[in-house]
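**Student:** Shown below is the structure under consideration.
The values are calculated or read from the model by the stated rules, or taken from the named source; none is laboratory data. These figures come from a predicted structure and were not determined experimentally. No Cβ is skipped: glycine too gets one built from the backbone with ideal geometry, and neighbour counts run over all protein chains shown.
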Amino acid sequence: MPSFPDLPTEILMEIVSHYSPLIHGVPTGERFAGDTALHAESPGFIVLETVNESLVGNETLRALSQTSRIFRAIFLPVLWARFHACFTEHNGPKRKIKTRAKMLERRMKGIQKTPYIVPYIRSLSVTLTECNTDNWQPMAEFIRVLDLLTNLKDLTILSVRSQMVEVLSTSCKGKVFSSVSRLALDNNLAPIMASFPNIHTLTFIWTSCIDVLQAVKESCKQIETINHFSLSPEVVQCLRDAVPNVRRLMLWSYYGLSKLSLLEGMEALSELRINHRPLYHPYGHFNARQLQPLSQGVVAAAKRVLHTSKAVERKRLRIYEIASGGLPKETLIDVGAHL
């Protein structure tokens with residue numbers, strides 16, 4: 001008689017998908033200063049109440065991967081697909097900076113000492129704010145790990161102190177992490193962009209982005225998506241010069257949407273995404289009625305941006321909001337030849 005392990009892999013993965021997410025994502029901008037950590041790219045993010053809650057999915061997958069040989073083959077790669085080493089005063093653990101740095105170092109060394117998980121890691125998120133000239137070892141271990149992760153696709157690097165940018169860029173000099181296709185980082189990390197020539201998606205943690213945009217002009221020729229882009233004449237001009245063929249832009253509704261006209265006439269823009277959601281409140285503590293709907297003027301301006309784009313493919317406007325029940329809501333608008 002067939003048993004649970006005999007179920008098709010697709011059904012097993014569907015069952016697991018109903019458990020809590022494996023990890024928090026990473027915080028961006030003001031969220032990093034005082035909010036629950038959020039993923040820097042996914043528009044359908046879920047905010048978890050506590051860090052411990054984010055571990056529920058991990059424990060489920062770990063238990064399943066230890067159940068049988070079949071389950072190990074199925075769930076072990078899922079368990080280690082995303083590796084999270086972001087330690088701040090806001091997302092815990094509530095320990096001194098020096099201790100958090102040691103935890104980061106231990107996580108990085110743990111990867112090196114457990115070679116069987118290395119092929120499974122597809123996404124890596126780290127905070128390096130703890131690193132300084134007297135405490136550089138965690139950063140060194142992070143670079144060693146990058147050398148090992150040949151299947152890494154998604155990389156997030158948060159909060160590198162100015163004094164350590166040169167150390168990081170020197171460590172990366174001459175190295176090419178060719179497998180990375182999605183990168184999220186601060187603007188001050190422009191010097192390391194040459195090490196990531198194959199990125200397709202670029203996510204900015206803060207609104208500043210000109211230094212990175214200037215760096216990718218020569219180093220990263222395949223960028224198609226830019227997330228958390230801020231609008232100003234200088235930034236948009238830099239975008240047109242550095243990434244003329246960008247196809248997708250994601251904007252926060254709080255930063256410069258009155259300047260949407262700056263994006264008119266783009267060469268290849270086919271999708272515009274607008275995040276209209278609270279910056280400081282996780283869903284569970286926010287009354288969606290307090291957030292004013294996105295104005296029709298902004299929606300019309302966004303449609304006009306896509307209408308004037310020279311892209312020949314289907315053009316879409318995506319708006320991400322909070323519904324009355326506190327859940328994320330997506331509105332998809334196809335923009336045709338006429339407004």
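**Student:** Tyr120 - would you say it is of a type outside the set (A, V, I, L, M) and touching a Pro at 6+ places or on another chain (Cβ under 9 Å)? Reasoning before the result, please.
**Tutor:** Values: of a type outside the set (A, V, I, L, M): yes; touching a Pro at 6+ places or on another chain (Cβ under 9 Å): yes.
Yes; evaluated as a whole, the condition is true for this residue.
**Student:** When the residues of region 123-155 are narrowed to those that are among the acidic types (Asp, Glu) and part of a loop (DSSP other than H, G, I, E, B), which ends up farthest from the chain's Cα centre (by Cα)? Even if it seems obvious, please write down each step before you answer.
**Tutor:** Quick first cut of region 123-155, residues among the acidic types (Asp, Glu) only: 130, 134, 141, 147, 154.
Restricting the remaining residues to those that are part of a loop (DSSP other than H, G, I, E, B) gives 130, 134.
Details: Glu130: 20, Asp134: 29 Å.
Ranking the candidates gives Asp134 first.
**Student:** If you don't mind, another one. Name the strands (runs of 3 or more DSSP E) wholly inside region 156-243 in which the number of residues that are in contact (Cβ under 8 Å) with a residue 24 or more places away in the chain and within 21 Å of Ser270 (Cβ to Cβ) is 2 or more. Full working, then the answer.
**Tutor:** On the way: elements: 182-185, 201-204, 225-229.
By residue number, 201-204, 225-229.
**Student:** Here's a follow-up. Residues that are modelled with pLDDT under 85, of a type outside the set (Asp, Glu) and farther than 18 Å from Phe204 by Cα: does region 141-162 have at least one?
**Tutor:** Scanning region 141-162 turns up no residue that is modelled with pLDDT under 85, of a type outside the set (Asp, Glu) and farther than 18 Å from Phe204 by Cα.
**Student:** Would you mind stating whether Val145 is buried (at least 20 other Cβ atoms within 10 Å of the Cβ) and touching a Leu at 6+ places or on another chain (Cβ under 6 Å)? Show your work before the answer.
**Tutor:** Numbers: buried (at least 20 other Cβ atoms within 10 Å of the Cβ): yes; touching a Leu at 6+ places or on another chain (Cβ under 6 Å): no.
Judged against the criteria, Val145 is not a match.
**Student:** Tell me, which residue of region 61-95 that is outside any loop (DSSP other than H, G, I, E, B) and at pLDDT below 75 is surrounded by the most Cβ atoms within 10 Å (Cβ to Cβ)?
**Tutor:** Looking at residues that are outside any loop (DSSP other than H, G, I, E, B) and at pLDDT below 75, I get Thr88.
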